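Worksheet: one structure, shown below.
The values are calculated or read from the model by the stated rules, or taken from the named source; none is laboratory data. Quick caveat: nothing in here was measured; it's all calculated off a predicted structure. Cβ placement follows ideal geometry from the backbone for every residue including glycine, while neighbour counts extend to all protein chains displayed. Side chains are part of the model used for accessible areas, which takes the heavy atoms of the whole protein and leaves out ligands, DNA and RNA. Shrake-Rupley method; radii C 1.70, N 1.55, O 1.52, S 1.80 Å.
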Amino acid sequence: MTLPDRLLRALCPDARITVLTGAGVSAASGVPTFRGPGGLWRNVRPEELATPAAFARDPRLVWEWYDWRRQKVAACHPNPAHDVIAAWSRRFPRFTLVTQNVDGLHERAGTRHVLRMHGSLWDVGCWNACRAAPRRWRDDTVPFAALPPPCPHCGRPLRPGVVWFGEALDEDILQHCLDAADCDVFFTAGTSSVVYPAAGLLDVARRHGALTVEINPDDTPSSAGIDVRLATGAEIAFVEIERAIAQR
Ligand code: NAD
Ligand code: ZN
């Protein structure tokens, strides 16, 4: 893979670097993407499970899916893409990671300044938003003894602490993501670029004059207008970029 000079030059020590990641960054860790092979659970499409309506209809079914995903992810480990991103987050003072991933692998790799657009598989909240419960809290239990697991405050069902289709993103997090899109180098890695508003951050970055870089073995709706297109896995591309900037 040849890395363009302008990319390596742009990655200078005081550069404002923002990396947006999607499910593809965790693919090499063995976490299935939604739209790729192995992503389907019992032949149900995620769009039919990851919604408030699906949860209202059948909380047990939705929790069976999340419990399965939590078990899968618990057995996975961060891959070299997570590791390079974590190293950058410690080395570049103006680095931000925006992730659509809910698996927690960036955090497990030791990444600083993580903005989680879609919440976390490892967070839960009270479905009834009872007064005694905080909005979200971490719960690492795998597997749960009973599904749906009960809220420790009111005994009614807990919900996964993720943002479902049709739900609004946390406004503060979204604002931080938009702020982070005002940068010098913007990477979009392992995302199909079809889920908004994450996919729109690239346009914001471009309007701010950022050098835009896409890392994805397959073309996406974003590929055509990108400055630097690296058509390979994230676990390969980040390692090669890291090697190239370490050598200069
Ligand atoms: P997606 O499944 O729609 O797209 C994944 C993209 O990754 C595809 O474009 C694919 O070509 C690419 N890809 C596959 N292998 C790759 C590799 N080794 N390196 C780089 N790219 C690779 O995922 P999305 O765009 O993140 O959007 C789907 C939604 O699903 C998100 O909201 C996310 O929260 C959720 N999701 C999260 C996880 C996770 O946390 N790991 C897994 C599945 C889905
Ligand atoms: Zn409650």
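Quick notes on this one:
- Any hit, the range 28-50, residues being touching a Cys at 6+ places or on another chain (Cβ under 8 Å) and either hydrophobic (A, V, I, L, M, F, W, C) or without any contact (Cβ under 8 Å) to a residue 60 or more places away in the chain (or both): yes
- Residues (open to solvent by less than 70 Å² (accessible area, probe 1.4 Å) and either closer than 14 Å to residue 111 by Cβ or touching a His at 6+ places or on another chain (Cβ under 9 Å) (or both)) located in the range 67-94: 78, 79, 80, 81, 82, 84, 85, 86, 87, 88, 89, 92
- In the range 171-196, the residues that are open to solvent by less than 40 Å² (accessible area, probe 1.4 Å) reach residues that are in a loop (DSSP other than H, G, I, E, B) and of a type in the set (Ser, Thr, Tyr) with C-beta atoms within less than 7 angstrom, at least six apart or across chains, in these pairs: 188/222; 193/220; 193/222.
- Residue satisfying all of: in the range 219-240; crowded, with 16+ Cβ neighbours inside 10 Å and polar (S, T, N, Q); nearest to residue 33 (Cα to Cα) among these: 220
- Only one of 84, 124 that is within 16 Å of ligand 2 (Cβ to nearest atom) and either touching an Asp or Glu at 6+ places or on another chain (Cβ under 8 Å) or part of a loop (DSSP other than H, G, I, E, B) (or both): 124
- Close pairs (8 angstrom Cβ cut-off, 6 or more residues apart or separate chains): on the phi > 0 side of the Ramachandran plot in the range 126-142, assigned to a loop (DSSP other than H, G, I, E, B) and of a type outside the set (A, V, I, L, M, F, W, C) anywhere: 129/135
- In a residue-by-residue description of the range 137-148, the property of being open to solvent by 10 Å² or more (accessible area, probe 1.4 Å), hydrophobic (A, V, I, L, M, F, W, C) and within 16 Å of ligand 1 (Cβ to nearest atom) applies to at least one position.
- Scanning the range 213-237 for residues that are in a strand (DSSP E or B) and under 18 Å from the mean Cα position of the chain (by Cα) yields 213, 214, 215.
- Residue check for residue 97: farther than 24 Å from residue 48 by Cβ, open to solvent by less than 20 Å² (accessible area, probe 1.4 Å), within 16 Å of ligand 1 (Cβ to nearest atom) and under 17 Å from the mean Cα position of the chain (by Cα): yes
- Residue within the range 201-208 that is within 20 Å of residue 92 (Cβ to Cβ) and of a type in the set (Gly, Ala, Ser) present: yes
- Any hit, the range 114-121, residues being surrounded by 15 or more Cβ atoms within 10 Å (Cβ to Cβ), more than 16 Å from ligand 2 (Cβ to nearest atom) and over 18 Å from residue 20 (Cα atoms): yes
- Among (1) outside any helix (DSSP H, G or I); (2) over 20 Å from the mean Cα position of the chain (by Cα) - the single one residue 37 does not satisfy: (2)
- Per this entry, residue 224 is counted among residues that are within 16 Å of ligand 1 (Cβ to nearest atom) and at pLDDT below 95.
- Residues that are open to solvent by less than 50 Å² (accessible area, probe 1.4 Å), away from ligand 1 (no atom under 12 Å from the Cβ) and modelled with pLDDT of 95 or more, drawn from the range 20-56: 51, 52, 54, 55
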